[in-house]
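K.L.:
Got a structure here, written out as structure tokens. Questions coming.
What follows draws every value from the coordinates through simple rules; no lab data is involved. Keep in mind the model is a prediction, meaning the values are calculated, not measured. Neighbour counts run over all protein chains shown; Cβ positions are idealised from the backbone, glycine included.
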Amino acid sequence: MNPQSIRMIKDRLDFVELVGRYVHLRPAGERWVAPCPFHHETKPSFHVNPGQGFYYCFGCQASGDIIDFYARINGLDFKQAVVQLARETGVELDFGPMDPREKKNLEDRQIFLRMYAQSAEHFQRNLESNRGENSRRYLRERRVNAEMLAEFGIGWSRPDWHGLEGFLRSRGYAKEQAVTCGLLVQNEQGRIYDRFRDRIMFPIHDLAGRIVAFGGRAIDSSEPKYINTSETPIYTKGEHLYGLHQARRAVVRDKRALLTEGYLDVVALHQFGFAQAVGVLGTALTHSQVKRLSGFCSRVDLVFDGDQAGLKAAVRAAEMLLARGAQCAVVTLPEGEDVDSLLHGQGPDVLRTMISQARDGLDFCLQTIQGYSPREVVDWAGRFLGAVETEALRAFYLPRVASGLGMSELELRRIRRKPDAPSPEPSPAVKDPVRTLTAKERQLLAFAVCCPQWREQLACGGIAGVLENDWAKAFWEKLSGLGQNQDPSGFSAEEKRFFFQVLAHDSASTGREDAAAWEEVRAFLDKHQLRNRQKKMLQALRQAQNQGDERSVSELLKAYQDLAREA
């Protein structure tokens, strides 16, 4: 991609505003700080430096520029993030030379996103049409108001087998494209037809607000209750949460989320003022969903049905959140009630009271599994403690789990170790190239990163001859190519990480301090060059002696003595 286009995108974006869409930032001098959205924490170790154009987390070392942040928070690769941000900022992209397959994937992705956006509009028009009266009546009976219909983009798919297919064809899309992105289905006989027929349609958004999938709820009770979009090039099952796009700002603001089941439960919660509500999509809660949600908040309240299936789902969700270190509480609804019926039947204050009296997540798990068989209890304890992310967190939970199950801590440790189970093969360690640098190489490169105004002098001073590590040489070559620019867009992931890590640790320095640091570096480079000259002179002296060239020996000895006096 053209570096100039990337620079224009960055110049048109406000770093603090963009990060603030996902994280609750507060000012701290020239920087802005917050708890990191990429790992669970309560202290603000995540720093944004808009002046220098980078972010850095002192906890998990996540770092990068504004495009890197947007890519990581939205689960995109760098090029996908550039394409989206270019559209947002109105920058025309020049992709330049590009692998044809990669270019096609990017183009297909944009086509699929447009297909989903236009399909959502089509479903909304269906709902508003004369034929949509039955589906509108259903939504009225569920007491979904017009504001929520608009906010969540709820629509209706007609019962026709080829309704959406015809619409997409009229917009110029091929049937094969619609099959690939999951809007149409092709059976074993090759027949192509609409995936969603006569269903209330719930668009599923990614964090950037783009529609990437649909959930379809049947109106006819004889049909399967829900059908969801299958895995596609723009949608990975188990990564998204329903309503997180709409709830994100409230979740970040309150550092708290409500997690429930079902599309209409989420809609009802938002309708009654619970703006932090999000929902599990079709399947059980996944580790990816937990990681994504806990990055935005420190507490998650689970609001699940009170039947056996709901209790089981709540235990599983609670243990996953607790294993990650999130604060978790559980609200169990009365048998026969769901969130939607409770809110409409008894009002939001009843639910607020239930949330305020919610049981601690770990206590809920320990109490619920009392009804399990002994083997199930042991399996649960081993699975939960084995899943806890850190030893410190495990040490925190161990006494409570032991007490709750009436077991000793020693017994629990034995369960977690499972000595009779075969040990998995250790994965090969990935070597961090930065760790192979000498202290002096790291110091010189750090100075070069933090003081771009001295890079030309560093080059003239012979820094390339000082660096022996291959990674250090490659890094310096790229860095010197920037001139005084501080935009490492063309660097590798490891190089970017080192670049931003150094900037983040560099305290705000005055020009005098930079000049003093340069004098120290210059003295080292001069000394290194002098040693190199002495070394070469000694080699020439030995060669002259071997050849019996007395005149050259005399001249070289004098020159060597002069160099020694300089040193």
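K.L.:
Could you pull out the longest piece of the chain with no exposed loop GluC sites (Glu not before Pro) in it, calling a site exposed if DSSP puts it outside H, G, I, E, B and it has at most 14 other Cβ atoms within 10 Å?
P.N.:
232-334
K.L.:
Related question: If you take every DSSP beta bridge whose two residues both sit in the chain, what share of them, in percent to the nearest 5, is antiparallel?
P.N.:
Around 70 percent antiparallel, to the nearest 5.
K.L.:
Using a basic spin-label model with each label point 7 Å from the Cα along Cα→Cβ, how many nm lie between Ala309 and Glu231?
P.N.:
The answer from the label model is 2.4 nm.
K.L.:
Determine the gain in length on full extension of the stretch Trp161-His287; use 0.36 nm per residue of separation and subtract their C-alpha separation, reporting nm with one decimal.
P.N.:
Residue separation times 0.36 nm, minus the Cα-Cα distance, leaves 41.8 nm.
K.L.:
What are the ³J(HN,Hα) values, in whole Hz, obtained from phi via the Karplus relation 6.51 cos²θ - 1.76 cosθ + 1.60 with θ = phi - 60°, for each residue of segment 13-25 in sequence order, with x given for Gly and Pro?
P.N.:
9, 9, 4, 5, 5, 5, 5, x, 5, 10, 9, 7, 8
K.L.:
About its Cα centre, how strong a charge dipole does the chain have in debye, to the nearest 20, once Lys and Arg get +1 and Asp and Glu get -1 at the Cβ?
P.N.:
400 debye
K.L.:
If amide hydrogens are placed 1.01 Å from N in the peptide plane, which non-local residues have theirs closer than 5 Å to the one on Trp156?
P.N.:
Long-range HN contacts for Trp156: Gln124, Asn126, Leu127, Met201.
K.L.:
Right, something else. Zone of Arg143 (label point 7 Å along Cα→Cβ, backbone N under 19 Å): which residues in segment 229-272?
P.N.:
So the set is 261-272.
K.L.:
Separate question: For segment 488-498, in order, what is each residue's ³J(HN,Hα) by Karplus, 6.51 cos²θ - 1.76 cosθ + 1.60 with θ = phi - 60°, in whole Hz (x at glycine and Pro)?
P.N.:
x, 4, x, 7, 6, 4, 5, 5, 4, 4, 5
K.L.:
Also, I was wondering about something else. Convert each backbone phi in segment 98-114 into a coupling constant with the Karplus relation 6.51 cos²θ - 1.76 cosθ + 1.60 (shift: θ = phi - 60°), then list the ³J(HN,Hα) values in order as whole Hz, x for Gly and Pro.
P.N.:
8, 4, x, 5, 5, 4, 5, 4, 5, 5, 4, 4, 5, 4, 5, 5, 5
K.L.:
Can you give the Kirkwood hydrodynamic radius of the chain from its Cα pairs, in Å with one decimal?
P.N.:
The Cα-based Kirkwood calculation yields 28.2 Å.
K.L.:
Do the sum for the chain: with -39,500 (n - 2.57) for every DSSP H run of n ≥ 4, divided by all residues, what is the mean residue ellipticity at 222 nm, to the nearest 500 deg cm²/dmol?
P.N.:
Result for the chain, helices only: -16500 deg cm²/dmol.
K.L.:
Shifting gears a bit: How high is the FRET efficiency between Arg136 and Phe396 when r is their beta carbon distance and R₀ equals 51 Å, given to the nearest 0.05?
P.N.:
After rounding, the FRET efficiency stands at 0.50.
K.L.:
With r defined as the distance between the Cβ atoms of Ala464 and Asp11 and R0 fixed at 35 Å, what FRET efficiency is calculated, to the nearest 0.05?
P.N.:
0.65
K.L.:
Taking 0.36 nm per residue of sequence separation and subtracting the Cα-Cα distance, how much length would be gained by fully extending the chain between Gln539 and Gln118, in nm to one decimal?
P.N.:
Contour length minus the Cα-Cα distance gives 144.0 nm.
K.L.:
Still on this structure, I have one more. Mind running the shape call on segment 1-143? Use the C-alpha gyration tensor, a ≥ b ≥ c as the square roots of the eigenvalues: rounded below 1.5 for a/c, prolate if a/b tops b/c, oblate otherwise.
P.N.:
Since a/c reaches 1.5 but b/c is at least a/b, the shape of segment 1-143 is classed as oblate.
K.L.:
On to the next question. Roughly what would the spin-label model give for Lys473 and Arg531, points 7 Å off Cα along C-beta, in nm?
P.N.:
According to this spin-label approximation, the distance is 1.8 nm.
K.L.:
Further question on the same structure: R0 = 51 Å: FRET efficiency of Gln484 with Arg253, Cβ-based, nearest 0.05?
P.N.:
0.85
K.L.:
Also: Alpha carbon centre of segment 64-95 versus segment 432-488: separation in Å?
P.N.:
About 28 Å separates the Cα centre of segment 64-95 from the one of segment 432-488.
K.L.:
Please compute the length gained on full extension between Gln457 and Ala28, using 0.36 nm multiplied by the number of residues separating them and subtracting their Cα-Cα distance.
P.N.:
Computed gain between Gln457 and Ala28 is 151.1 nm.
K.L.:
Taking the highest mean first, how do the peptides 215-227, 357-369 order by number of other beta carbon atoms within 10 angstrom per residue?
P.N.:
357-369, 215-227
K.L.:
Say each of Arg375 and Arg442 gets a label point 7 Å from the Cα, pointing the same way as Cα to Cβ; how far apart are those two points in nm?
P.N.:
The answer from the label model is 5.2 nm.
K.L.:
Can you list residues whose amide H is under 5 Å from Gly282's amide H, if they're 5+ apart or on another chain and H is modeled 1.01 Å from N?
P.N.:
Gly262
K.L.:
Positive end of the charge dipole of the chain (Lys, Arg +1 and Asp, Glu -1 on Cβ, about the Cα centre): tell me which of Tyr397, Gln346, Val266 has its Cα farthest that way.
P.N.:
Farthest towards the positive pole: Tyr397.
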